[in-house]
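Worksheet: the structure to be examined is printed underneath.
The values are calculated or read from the model by the stated rules, or taken from the named source; none is laboratory data. Note that the structure is predicted; figures quoted are calculated from it, not measured. Quick reminder, even Gly has a Cβ in these numbers, built from the backbone with ideal geometry, and neighbours come from all protein chains shown.
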Amino acid sequence: MPYGGSGIGAQQGGGIDNSMSRYGMAAMVTPIAEVLRDVPVTEKVVDAEDLHVSFVSKDTTVYAVNGVTFSLDPGEVLCILGESGSGKSVTLRALTRLLPKGKTRISGRVHVDGRDIMALNTAELSRVRGKIIAMIFQEPMTALDPVYTIGDQIAETVIRHEGASREAAYARALELLELTQIPSAKRRLKAYPHELSSGLRQRAMIAIALSCRPRVLLADEPTTALDATVQIQILLLLRQLQKELGMSVIFVTHDLGVAGEIADRIAVMYAGRFVESGPVGAVMRDPLHPYTQGLMASTVHGQLKGKRLRTIEGSPPNMEKLVDACSFAPRCPYAEARCLEGVPPEIWPVPARMARCILLEGQ
């Protein structure tokens, strides 16, 4: 199924020039080789194996993530794509253990930059968050503290993780606001979150996430609440900064156009499992899993312009009931009786392409 590109994808490469030095880039960011000199060198920046996350209450258990395995190379952008409720955001939060204590059960192995996240105590985890792995949240108005200025919130992160003086921390904060292209950056340092537009708040959130030069950036649908023009600007900015800083990024979205704009590799998630993964171009040109095919058919792109879009019949499964079968089978137009006999294994028809579908067996 060829993919003609969305309006967002068509904008790739425009809108932001490459002259980052004019924003004090050299003064703010140590060359990446020097940044990484004092941290362990690992082949994979993120390595998760058989990750399970469930939420437990008196009445029920919600099985949010059910055996996710993936890795992330240095400088790579992985996009996790899927419907709301598929487990995307929970997977991100599990990487930093930002989940409610006492109500969450996590199992599996998660290594970030060579550190066993599941084995870290509270103090060790606090040092890793922000310094090694940072996160951009979906709604900055709820993530930013309303009683502190933007400058105070950036400076606090720098002081806590790097022991910088208050003066040096505020100088870093100003450079970060300029780096993220916030106009009148010096004046915005003294602004409170409610005094900024949604687009500027999101840029401020990005500045906070980048304040300590993390190796891994997690972005949880950071453009969902923005209008189309601002969304494109934020996506282009994130991609540019990722290249300049050499970060690895995991980007969560339900938007195929956003995935095509930002990702090197896509992992399609359904009912807490990755059902397909591969290079972004290959997955969009030739989706292997019926769910990915359904997502493509229900999205406006080149060959479908002017035509009636198809829908994926049915509803997502109840995550309170973990089924030992293909979770997509009740909605799949190609389902067979054997689809209900167990969870389909990962099938790799070609190198770097994976799909959980028994129809691919033997290919």
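Quick rundown of the values:
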quantity	calculated
Residues located in region 126-149, provided they are over 22 Å from Pro74 (Cβ atoms) and among the hydrophobic types (A, V, I, L, M, F, W, C)	Phe137, Met141, Ala143, Leu144, Val147
Arg105 being closer than 23 Å to Thr253 by Cβ and either part of a loop (DSSP other than H, G, I, E, B) or not polar (S, T, N, Q) (or both)	no
Residue match in region 168-181 (condition: under 24 Å from Gln138 (Cβ atoms), β-branched (Val, Ile, Thr) and in contact with a Ser or Thr (Cβ under 9 Å, 6 or more places away or on another chain))	no
Any hit, region 195-203, residues being under 17 Å from the mean Cα position of the chain (by Cα), part of a helix (DSSP H, G or I) and under 29 Å from Cys79 (Cβ atoms)	yes
Residue check for Val77: hydrophobic (A, V, I, L, M, F, W, C), in contact (Cβ under 8 Å) with a residue 24 or more places away in the chain and either touching a Leu at 6+ places or on another chain (Cβ under 8 Å) or more than 22 Å from Met205 (Cβ to Cβ) (or both)	no
Qualifying residue in region 47-67 (condition: touching a Lys or Arg at 6+ places or on another chain (Cβ under 8 Å), at positive phi, modelled with pLDDT of 50 or more and of a type outside the set (D, E, K, R))	yes
Test: residue in region 180-201 that is among the aliphatic types (A, V, I, L, M), under 25 Å from Glu124 (Cβ atoms), crowded, with 19+ Cβ neighbours inside 10 Å and touching a residue at least 12 places away in the same chain (Cβ under 8 Å)	no
Any hit, region 225-235, residues being under 16 Å from Thr142 (Cβ atoms), free of Cβ contacts under 8 Å to residues at least 60 places away in the same chain and either out of contact with any Ser or Thr (no Cβ under 7 Å at 6 or more places or on another chain) or not basic (Lys, Arg) (or both)	yes
Residue, farthest from Glu139 (Cα to Cα), within region 199-224, restricted to residues that are among the polar types (S, T, N, Q) and touching a helix residue (DSSP H, G or I) at 6+ places or on another chain (Cβ under 7 Å)	Ser211
Residue that is in contact with a Gly (Cβ under 6 Å, 6 or more places away or on another chain) and on the phi < 0 side of the Ramachandran plot, where the choices are Glu244, Glu195, Glu175, Glu162	Glu175
Selection count, region 103-123, where residues are basic (Lys, Arg) and closer than 25 Å to Lys58 by Cβ	2
Matching residues, region 86-102, being in a helix (DSSP H, G or I) and within 14 Å of Thr61 (Cβ to Cβ)	Val90
Tally of residues being part of a loop (DSSP other than H, G, I, E, B) and crowded, with 17+ Cβ neighbours inside 10 Å across region 136-163	4
Strands (runs of 3 or more DSSP E) wholly inside region 242-356 containing at least 1 residues that are without any contact (Cβ under 8 Å) to a residue 40 or more places away in the chain and surrounded by fewer than 17 Cβ atoms within 10 Å (Cβ to Cβ)	347-350
Identity of the residue in region 60-80, aliphatic (A, V, I, L, M) and either out of contact with any strand residue (DSSP E or B) (no Cβ under 8 Å at 6 or more places or on another chain) or farther than 14 Å from Gly272 by Cβ (or both), that ends up surrounded by the most Cβ atoms within 10 Å (Cβ to Cβ)	Val77
Region 85-103 residues that are of a type outside the set (Ser, Thr, Tyr), paired with ones that are assigned to a loop (DSSP other than H, G, I, E, B) (beta carbon under 7 Å, 6 or more apart)	Gly85/Pro316; Gly85/Met319; Gly87/Gly272; Lys88/Gly82; Arg93/Leu99; Lys103/Ser57
Odd one out for Val230 among (1) surrounded by fewer than 23 Cβ atoms within 10 Å (Cβ to Cβ); (2) modelled with pLDDT of 90 or more; (3) among the hydrophobic types (A, V, I, L, M, F, W, C); (4) over 17 Å from the mean Cα position of the chain (by Cα)	(2)
